[in-house]
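Everything below concerns the one structure shown next.
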């Protein structure tokens, strides 16, 4: 297998390993699209409001500022729900956060705008619900407004209050200042015997304490809310870009580990077998790791955005395909075929070779996606099963494709050339066998010392158990720990008893 084929197999493996990340973050992207359009194609549900619809709301020229502020508050609710649901998707949970307006029978709910839980009757659960208020021209003005008569029902019902993220700290500071001042006033009035005035101040104090206790920081700022009202498309695109970037970064870490691991093995073999220079091997490992991370970032980021769009598409077939790893393979296949086309346009290969490579990579990626699904089902561990399946699938399909294309060519080969190829194949088989023998010898040599050590240690453990020798057992186990870089905390039973009697905490 040459370097080019190995690179293609690794690329297929990286695409397969992206399935979990693309699935979770792609579903998060879909939540932002739903809030923008106001329609969830998967459930068939139409939302009461959408960012696009809010942006089309009428504005009275005489009250433009007030109208826009109010409509930005509606947009903030939409953004809050989208971001909460996106985080739930990323965490691998079924999203439960919703606007109460989208719950049957709770349009314009008196107490709550947003909830993350409903009871058996479909009513918002009080502890999991909140009122959202984007009011006031400053944190101080917002506190003053929320302590007014119009907001008394929220205070009385102990409602959680979601406020702009850029106001939250200022509002908390303002409330702390008021609480401190009122506490001093109550104390002074009580000491002077003015019971009625003290009672009024005490009521104000309890109101401030309640609001302070129930204040919650929204995921949306005033600026973001207004942007969502004025340019909802741009606002949604920014959120999708953020989610996609996070998907790319998470997948880049996985890609760097996979690509780096494969490169280390490849370069160590080259150093042992071919005498490759160590500094050059280190450089190649670094380049391969960076390349795998970059490809994985693109696969994760672009794959998540593509999946999100597919998941909320009008076509049922497209939505079904979004549940597979197709979005990741679209990106990976585009990258792989792009490399082939670049080589063609640079004159490195001719037209026939270009078509052959494109066909091989196309067949390989299709088979890889199939085997990735099989691998994930057989090994239900995120990344591992899909990675193994996709790499095996690509290798098998690429090999099969190569055999088929070689068969078509074989009929045109001259007898002399065919015989030369057969000799080369025989030599390749010989080299593979020799290489395997060398590897087996190296592995046997490396593990010989380890095997002798463990044989002796397990024998000591067995003898200690049979002789009821606790100190001998501890000493044997400590030898294993020390052999692998550990530092035993107890050398014998006496030390353990002393520690237990000391009352010190056990540090693992």
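Details
- On the beta carbon distance between residue 96 and residue 206, with R0 = 30 Å, the FRET formula returns roughly 0.40.
- Ranking of 245, 32, 106 by count of other Cβ atoms within 10 Å, fewest first: 245, 106, 32
- Taking label points 7 Å from Cα along the Cα-to-Cβ direction, residue 459 and residue 64 give a separation of 9.2 nm.
- Two-site FRET efficiency, residue 323 against residue 253, from Cβ-Cβ distance with R₀ of 25 Å, rounded to 0.05: 0.55
- Cα Rg over Rh - region 86-126, Kirkwood: 1.01
- Inter-centroid distance (Cα atoms) of region 242-295 relative to region 121-161, Å: 52 Å
- For region 241-314, the share of alpha carbon pairs falling in successive 5 Å distance bins from zero is 4, 19, 18, 16, 12, 10, 8, 6, 4, 2, 1, 0 percent.
- The alpha carbon radius of gyration of region 28-175, expressed as a multiple of 2.2 N^0.38 Å, is 1.09.
- Convex hull (Cα only) mean projected area of region 144-191, reported in nm² to one decimal: 4.1 nm²
- Length gained when the stretch residue 126-residue 242 is fully extended (0.36 nm per residue, less Cα-Cα span): 38.6 nm
- Cβ-based exposure ranking for 109, 166, in which fewest neighbours within 10 Å come first: 166, 109
- By the count of other C-beta atoms within 10 Å, a proxy for reagent exposure, 149, 52 are ordered fewest to most as 149, 52.
- With contacts taken as Cα pairs under 8 Å at a separation of at least 6 residues, region 179-293 carries a relative contact order of 19 percent.
We did not get these values from a lab; they are worked out from the coordinates using the rules stated. Note that the structure is a prediction, hence the values are computed from the model and not measured. Please note: Cβ atoms are built from the backbone with ideal geometry, for glycine as well, and neighbour counts cover all protein chains shown.
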